[in-house]
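Here the structure is laid out as structure tokens; the discussion comes afterwards.
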Amino acid sequence: MDWGVRFEDAVRLPARLNVELRTVDRLTVSRVAQGETLDVQDVRAEARDAIAAYLRALIALGTAAALVLGLLVAFALRHRAGPRLRYTVTAAALTAAATAIALIVLLPPRGPIDTPQYYAFGPDIPRALEAVESAQRSTRQLDQELDAQLVGLARLVTQPAGRSSLDDRPRLTIASDLHNNFLSIPILERVTGDGPLFFAGDLTDSGSPLEARLVSRVTNLGEPFVFVSGNHDSDSLERELARRGAIVLTQEGRLNRERGGPIVDVAGLKVAGYSDPFERRAGDNYEDRFEPAPGPALQQAFTDWLRPLINEVDIVMVHQPALIEPALDELLAQPPVRPIVFITGHTHSPSIDHEPGVTVVNGGSVGAGGTGNLAEETDMGIARLIYTLEPSFQPLAADLVSIDPGDGSATARRERLD
């Protein structure tokens, strides 16, 4: 790690001086990491001694070189008609002495080794600060961290014994946002098996009759197939799915069935659904009615619709998570006696949010963003909810599975809800 202390303009030397790090004083490093200052006097002394030893060797070498060169010149000039050898040798010796004096006077550095500057090379600064921060942690803080780890370990060992077993528990598949990607239907069929399939909207891109025919086989998935519309679906698509036997939920209840209230019995579960307020309409030629977010009036309408159903319903299906935010705030402020699970979509991002009595599950986009959103590079997402009906409805766990449509790599995680 390139960090330490620098003395700017301390050594002005008419020679190239190379300083090579050979050893590290671990005791000094430890003291500095604990907040103590570096002993600059020791650094000055060590630097001065090292430079002085270098200069002594350099002056001695320069003087010897000058003397040898002078002697070579003296012997080369020796001739009967030339100067005598003793004079040239004397001249060489005096020249070498003058060279030594000049080196001694001119070569040593000018200026004190003073005013240290502490530095760290750019990318290493955070690591240096982290090292100092870690070294300065008090014993009390470390003890608290250790206690927290031990408590967490104890919970890890003891809590599973009180959890319900997931073996042979009923489960349902959660999906949304196919967006006409019928290539995902075989995968969804294999995952769903003979259990219920809850689809939280955006089966198509515009809800047109042509799109409805492309994805109509989805109604054969799940026992049963439960659907609530999204902003890319239409009223005519809802009617087509209901005609094919799907359980299509609206604010008033199941579509094309006698009005028995908004709550429908699905595989022993009490389920309600809320049609997307921006779903397209055949009468408007399937024009896009979507707005970036549902306004306060639409959110209030959903909250008013939900209030009478609390403690009566197990699962609520709604496409847009933003639509239910005020209702969630009320439920978190006063948790329901009966657990309630919200199944959402729209964001193309899988998530599980769990609070006492309230769980929100979003499986992501089962169509990997759909055929019209290839630039998103969205993973294909599916969720599963594991629950029990005895003695009453209780969500036990939720699984999220994401698959990269490019290379087929997949990730999965399970969150216990009990």
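Have a look at Ala33, Ala96 and point out the one that is at pLDDT 75 or above and either closer than 30 Å to Gln117 by Cα or assigned by TED's automatic domain parsing to the domain that holds Gln117 (or both).
Step by step, each of Ala33, Ala96 is checked, and only Ala96 is at pLDDT 75 or above and either closer than 30 Å to Gln117 by Cα or assigned by TED's automatic domain parsing to the domain that holds Gln117 (or both).
Consider Gly268 against the criteria (1) touching a residue at least 40 places away in the same chain (Cβ under 8 Å); (2) surrounded by 14 or more Cβ atoms within 10 Å (Cβ to Cβ): it satisfies all of them except one. Which criterion is unmet?
Among (1) touching a residue at least 40 places away in the same chain (Cβ under 8 Å); (2) surrounded by 14 or more Cβ atoms within 10 Å (Cβ to Cβ), Gly268 violates only (2).
Among the residues of the stretch 199-222, are any out of contact with any helix residue (DSSP H, G or I) (no Cβ under 9 Å at 6 or more places or on another chain), outside any loop (DSSP other than H, G, I, E, B) and within 19 Å of Gly273 (Cβ to Cβ)?
Checked the stretch 199-222: no residue is out of contact with any helix residue (DSSP H, G or I) (no Cβ under 9 Å at 6 or more places or on another chain), outside any loop (DSSP other than H, G, I, E, B) and within 19 Å of Gly273 (Cβ to Cβ).
Does Ser229 satisfy the condition of being touching a residue at least 12 places away in the same chain (Cβ under 8 Å), in a loop (DSSP other than H, G, I, E, B) and hydroxyl-bearing (Ser, Thr, Tyr)?
In short, yes.
Could you run through the stretch 177-198 and say how many residues are in contact with an Asp or Glu (Cβ under 9 Å, 6 or more places away or on another chain) and either on the phi < 0 side of the Ramachandran plot or in a helix (DSSP H, G or I) (or both)?
Result for the stretch 177-198: 6.
If you scan the stretch 237-276, which residues turn out to be charged (D, E, K, R) and closer than 20 Å to Leu172 by Cα?
Arg254, Asp265, Lys270
Leu269: in the same structural domain as Ser392 (by TED's automatic domain parsing) and at pLDDT 95 or above, yes or no? Talk me through it step by step, then tell me what you get.
Values: in the same structural domain as Ser392 (by TED's automatic domain parsing): yes; at pLDDT 95 or above: yes.
Answer is yes for this residue.
So for the stretch 245-252 (the condition being touching a strand residue (DSSP E or B) at 6+ places or on another chain (Cβ under 8 Å), at pLDDT below 95, in a loop (DSSP other than H, G, I, E, B) and charged (D, E, K, R)), does at least one residue qualify?
Scanning the stretch 245-252 turns up no residue that is touching a strand residue (DSSP E or B) at 6+ places or on another chain (Cβ under 8 Å), at pLDDT below 95, in a loop (DSSP other than H, G, I, E, B) and charged (D, E, K, R).
So which residues in the stretch 286-324 are within 18 Å of Pro356 (Cβ to Cβ) and surrounded by fewer than 21 Cβ atoms within 10 Å (Cβ to Cβ), if there are any at all? I'd like the intermediate steps shown before the answer.
As a first pass, look at the stretch 286-324 and keep what is within 18 Å of Pro356 (Cβ to Cβ): 306, 310-311, 313-316, 324.
Of everything in the stretch 286-324, those that are within 18 Å of Pro356 (Cβ to Cβ) and surrounded by fewer than 21 Cβ atoms within 10 Å (Cβ to Cβ) turn out to be Ile310, Asn311.
Just to check your reading of the model, which residue among Phe225, Phe199 is buried (at least 17 other Cβ atoms within 10 Å of the Cβ) and over 26 Å from Asn285 (Cβ atoms)?
Going through Phe225, Phe199 in turn, just one is buried (at least 17 other Cβ atoms within 10 Å of the Cβ) and over 26 Å from Asn285 (Cβ atoms): Phe225.
In the set Ala368, Ala327, which member is surrounded by 17 or more Cβ atoms within 10 Å (Cβ to Cβ), of a type in the set (A, V, I, L, M), farther than 27 Å from Ala267 by Cα and in contact (Cβ under 8 Å) with a residue 12 or more places away in the chain?
Criteria check complete, one pass: Ala368.
The values are calculated or read from the model by the stated rules, or taken from the named source; none is laboratory data. It should be emphasised that the depicted structure is a prediction, and the values quoted were computed from it without experimental measurement. Cβ: placed from backbone, ideal geometry, glycine included. Neighbour counts: every protein chain shown.
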